[in-house]
1. In this structure, does residue 25 turn out to be open to solvent by 20 Å² or more (accessible area, probe 1.4 Å), closer than 29 Å to residue 697 by Cβ and at pLDDT 90 or above?
2. Identify, please: which residue in the stretch 229-249 is more than 26 Å from the chain's Cα centre (by Cα) and touching a residue at least 40 places away in the same chain (Cβ under 8 Å) and is, among those, farthest from residue 168 (Cα to Cα)?
3. Scan the stretch 231-251 and give yes if some residue there is at pLDDT below 80 and at positive phi, otherwise no.
4. Residue 99 passes all but one of (1) under 46 Å from the mean Cα position of the chain (by Cα); (2) surrounded by 23 or more Cβ atoms within 10 Å (Cβ to Cβ); (3) small (Gly, Ala, Ser); (4) over 15 Å from residue 113 (Cα atoms); which number fails?
5. If you take the residues in the stretch 171-187 that are modelled with pLDDT of 90 or more and surrounded by fewer than 16 Cβ atoms within 10 Å (Cβ to Cβ), which one is farthest from residue 262 (Cα to Cα)?
6. Give the residue, chosen from 73, 12, that is buried (at least 18 other Cβ atoms within 10 Å of the Cβ), among the acidic types (Asp, Glu) and part of a loop (DSSP other than H, G, I, E, B).
7. Condition first: within 15 Å of residue 12 (Cβ to Cβ) and part of a loop (DSSP other than H, G, I, E, B). Now tell me which residues in the stretch 49-70 satisfy that.
8. Checking residue 754 against (1) modelled with pLDDT of 85 or more; (2) surrounded by fewer than 19 Cβ atoms within 10 Å (Cβ to Cβ); (3) in a helix (DSSP H, G or I), which single condition isn't satisfied?
Amino acid sequence: MAQPRAVLVIDDDHDISTVCRLFLERAGYVVHEATTGWAGIDSARQRNPDAIVLDYMLPDIDGIGVLGELAGDDKTKHIPVLMLTARTHRKDEEAAWAAGVTDFLTKPFESGDLVASVERVIAADTSRDRMHRREQAMTRLGAVDQDMLRQLAAVVEGASDAIIVKSLDGVVQAWNAAAERLYGWSAEEMIGRSIELLYPDGFTESFEHAMAEVALGERVESFETLRRHKNGSQFTVSLALSPVLDSQGVVVSVSAIERDVTDRARTEARFRDLVEAAPDAIVIVDDAGVITLVNAQTETVFGYQRDRLIGEQVEMLVPRRFRDRHPANRRGYAHSPRTRPMGATMELYGLRADGREFPVEISLSPLTSDSAVTYAATIRDVTQRKAAESKFRGLLEAAPDAIVGVDASGRIVLVNAQTEALFGYQREELIGQLVEVLVPESLRTTHPARREEYFAEPRTRQMGEGLDLVARRKDGSEFPAEISLSSIETEEGILVSAAIRDVTERKRAAARFQGLVEAAPDAMVILDEDGRISLVNAQTLKLFGHEREDLIGQQVEVLVPHRFRGRHPDHRREYAANPRVRGMGTQLDLYGLRKDGTEFPVEISLSPLETDSGVSISAAIRDVTERKRAEDAQAAAFEQEREASTRLREVDRLRTDFISTVSHELRTPLTAIKGFAEFLSASWEDTPEQTKVDLVKRIMLAGVRLDSLIQDLLDFSRLERGQLAMRPEQVDLLDLLEEMVSRAEPILEAHRVERRIQPGLTLFADRTAMIRVLDNLLSNAVKFSPPGSEIVFEARQDRDMVLIEVSDAGIGIDPEEQGKIFDRFYRVPVSSGRPGTGIGLAIVKEFVEAQGGSISVSSEPGRGSTFAVLVPAHA
């Protein structure tokens, strides 16, 4: 009589192992069982079975690892292996075939499928047979991709752009026809050679940042660089880089799409040169109003650095009083673009970086390219021209002095408001009168001769220098005056402008200046030629913390941090040698020093002031601490965005693993239910009564396990949709626990449950949610602690909260994992022996926190774990 064949079943799920044993024993096989990978390896070495049925996921070493150990041992490498799994991802099957399985079976399965698969693997009794089956399986798995790969290859080869694939160390792996046309090298000449062959001599290309992005699986959008043709000529190309992934999702190569943009680059360079050389400010914006290009004159006119403007809305150059209307005007122009001056009949204004407005003239032109339409605005500062065109309008109305314009006949043709205020006349009373109406009566007889003498030889000069000049008001009162004269050629002839200053107002003007300084929103510090402080305003005292008398007469370096004081006098003298209005340190980080010794970042603008005693320097100092903080916050926000992107990719990866895991967790109890039911259905009469009872209990346990998993999935779905609703009530904790333990009796047969709960202890919580919380914690305690061990429920009131602790004597949790176990989808590595979906404890945490509570864990590997739940005792 032939010896029955022996099969070793290696599966950590007792139900699945039992199902396999029952099916195989009924088919006449002798079955041995092992619940861990290493136990299975030892059993295979000792028993030398005819075949092995191996679970993919095991607690200590996974199925792939077991296959490696078996293949590396002369005693076991000949044993055919049937891989058994509930995982359905194609890469798992590919990995199993690559590791050396003889056949592959997915749970749940029919008894006939299992027996037939075992018979097939035993029949493949030679290495050649097994290799043939493996090749057939890999061909089957790969056949799905072949048509796609052929189509992709045709697309790549027919692409108009060069497509080059290179390894991470720069070795060319693929080279299409367009690459051959672009560079002159054939695929046979380039594949296997370094990409550096395409770099011009002496050209060092640094792609570290781009390659780092690609290595993380990111695509790098197009950028331009130099390349060399086979004939030695150089040209500009535009590149875009993309990662090439293997079947495991690991970046193994880089795909580059390249296009010759030499002509475009030359055209753009010439265009930029023309723009840069333009005498006017030129600003180019896209159809969304975003600035894409400016020239140096723009920086000069508006006071911004170039990089501060690029990427910003053009409205930042528009005064705030016009900004609301400007986007609509911009869109109206974009709807009907044409070369035209914009606002030719309007007074237009620009806004400088320092907040000052200035009159401008703007012409607009549409620029059409292959990719989009942009718009060029030529902006000219017409401050001086406006002043000239308005015939001294600025002098007439804004000048602090009285301005009187006199024609060749000596008659007044224009005056300003200051003239009216100074002399007491209305404007219309003076226009057309001889200028002598403003001269004291005692001097009127001699003045016409002096006037004619000046018109005969007009030039800019101080009149009455060394003389005491006097003017006369309408009311007859006289006042000392200082008068300067200048002549202007007009269409009507020579016009003489007389600036008349009441000398008695000089002190008042000085007081007004000090008032302006005092009211300035920035700290104002006035220095003499020696760098000594002569005037400060209240904002300076507030900003630096000094008293006014502490600063007047002191060197300005008292406001400069000690680390800069040694160099500051040289900078100050350099500015005094060539004084002009300018922003100081626009590309430097400048700092001020308070009286208490603290430093703070500042922005400083300098202006020279002409005074009777020489040139003084006015420094406007602005505390930019908040702006710096905002910039730092923006940088931090960008970094947080990058981190969030990384976390999102990790969540996507965890979701994929979660779906595969849920498939495994659902199929495992389903396989047990189906298998035991099938066995009992086919062998009911021949099965002993006790065996029937045991198998029915196992079906019930698998059902409980499946129900718990489905409940977890339903809870998780509600959490994902934000549909979690709690209905708290006063609940007796002991009653709650008894109900939960009663429901869990099927899984508690091998454990003892100790209750240490104060009678009458109640909590304010949703009863159903708390049952789910405690049921989940109890299930974990059973799952991760050995049979016969004790599980302890302990509860006590802690002020306004109830503390519930669930303790086990199980395998414990590593410290580095304790901070992650409540995260959604987080599962510890398979080799640790902890199956699960990765959502159970996440659901527990959300349920507890939704009721105003908290949960924590304390654990020591090998000694067990304690989960502590805090929930409110009362409403």
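The values are calculated or read from the model by the stated rules, or taken from the named source; none is laboratory data. Values in this document were obtained by computation on a predicted structure and should not be read as measured data. Reconstructed Cβ throughout: ideal geometry from the backbone, glycine too, with neighbour counts over all protein chains shown. Note: areas computed on protein heavy atoms with side chains; ligands, DNA, RNA excluded. Shrake-Rupley method; radii C 1.70, N 1.55, O 1.52, S 1.80 Å.
1. yes
2. 231
3. Yes: the stretch 231-251 contains one or more residues that are at pLDDT below 80 and at positive phi.
4. Checking residue 99 against (1) under 46 Å from the mean Cα position of the chain (by Cα); (2) surrounded by 23 or more Cβ atoms within 10 Å (Cβ to Cβ); (3) small (Gly, Ala, Ser); (4) over 15 Å from residue 113 (Cα atoms), the one that fails is (2).
5. This residue is 186.
6. None of the others qualify; the one that does is 12.
7. 56, 57, 58, 59, 60, 61, 62
8. Among (1) modelled with pLDDT of 85 or more; (2) surrounded by fewer than 19 Cβ atoms within 10 Å (Cβ to Cβ); (3) in a helix (DSSP H, G or I), residue 754 violates only (3).
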